[in-house]
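Structure first, commentary second.
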Amino acid sequence: MASGAGIRLQKILSTAGVASRRASEQLITGGRVTVNGEVVRELGSKADPSRDDIRVDGRRIRTDIRHRYLALYKPRGYVTTRKDPEGRPTVIDLLGRDAGYIYPVGRLDYDSEGLLLLTTDGDLAERLTHPRHEVERVYEAIVAGVPDDAAIEKLRRGVFIDGRRTAPAEVRRGATVKSGGLTTKLTIALREGRNRQVRKMCLAVGHPVRALTRTSMGGIRLGRLRPGEWRELSAAELDSLR
């Protein structure tokens, strides 16, 4: 195992598609990673993937993996994890048995639907989810009532949720529907990804969300996908993400 030279273990694991960078750090600190037969718990540890025997739970990792990049239309009623302790269906269930070890990029609420990216590429996943990169996410929210100009301006400038103000957002007011109660469609583009952010923002201005769909992330769009369907990203889409 290298101390000064080599590549950080968590980067090696994420690049190999074992887990995201953060999850790889948990594997290391949990004592589940060995390098040349030695358990490694220090996050600053480095190794050479071309020479060292790197294992997770006793299984040697592959460093020649061909990464996969998927766009999935997540339906409501699915959790955005690989496994759920409550036994609820997960987005991995939609991919079938041959999906391999692939994991979601970020989260999408159980009761929300729309675009979800999945990959085996931990480096790209980290880049897309880290706040400093400000990756744009676009949502269509059906909200109760008709937000007036003041409410729309508050959403654009930022509202306080969970004790701090949200970053500026792009907000467009769309059609109003009277069937089954007055509702309005809002298109909201964010460059931060806080927990249930769109729902909390709309609630803060008095217009709770009735339905929420993410339509794009990092420039990747749902396109013609229907709920439960998925596709491989194109080379052009990958270039745009990188």
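So the values come out like this:
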{"quantity": "Beta bridge orientation in the chain: antiparallel %, DSSP, nearest 5", "calculated": "95 percent"}
{"quantity": "Among 209-219, 116-126, the order from most to least packed when residues are scored by Cβ within 10 Å on average", "calculated": "116-126, 209-219"}
{"quantity": "Linear extension gain, Leu203 paired with Ser234, 0.36 nm per residue minus alpha-carbon span", "calculated": "7.5 nm"}
{"quantity": "Cα shape, segment 62-149, gyration tensor, a/c 1.5 rule", "calculated": "oblate"}
{"quantity": "Candidates Gly44, Gly77, Gly17, ranked by Gaussian network fluctuation over the chain, Cα under 10 Å, top entry", "calculated": "Gly44"}
{"quantity": "Within the chain, helix-based [θ] at 222 nm, where runs of 4 or more DSSP H residues each add -39,500 (n - 2.57), nearest 500", "calculated": "-5500 deg cm²/dmol"}
{"quantity": "Dipole in debye (nearest 20) - segment 7-60, about Cα centre, beta carbon charges: Lys, Arg +1; Asp, Glu -1", "calculated": "180 debye"}
{"quantity": "Positive-end extreme of charge dipole, segment 78-144 - chosen from Gly87, Leu116, Gly106 (charges on Cβ)", "calculated": "Gly87"}
{"quantity": "Gaussian network model of the chain, springs between alpha carbon atoms under 10 Å - residue of Tyr139, Tyr73, Tyr110 with greatest fluctuation", "calculated": "Tyr110"}
{"quantity": "Packing-based order for 197-203, 50-56, using average beta carbon neighbours within 10 Å, highest first", "calculated": "197-203, 50-56"}
{"quantity": "Cα centre as origin, Lys/Arg/Asp/Glu Cβ charges: the chain dipole, Debye", "calculated": "420 debye"}
{"quantity": "Tally of Lys pairs whose C-alpha atoms are under 29 Å apart, taken over the chain, 8 or more apart or cross-chain", "calculated": "13"}
{"quantity": "Neighbourhood charge, 13 Å Cβ-Cβ cut-off, centred on Arg172 and excluding it, Lys, Arg +1 and Asp, Glu -1", "calculated": "-1"}
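Bear in mind that the values in this text are calculations on the coordinates, not laboratory data. Treat the numbers as computed from the prediction; the structure is a model and nothing was measured. So basically every Cβ, Gly included, is an ideal-geometry build from the backbone, and we count neighbours across all protein chains shown.
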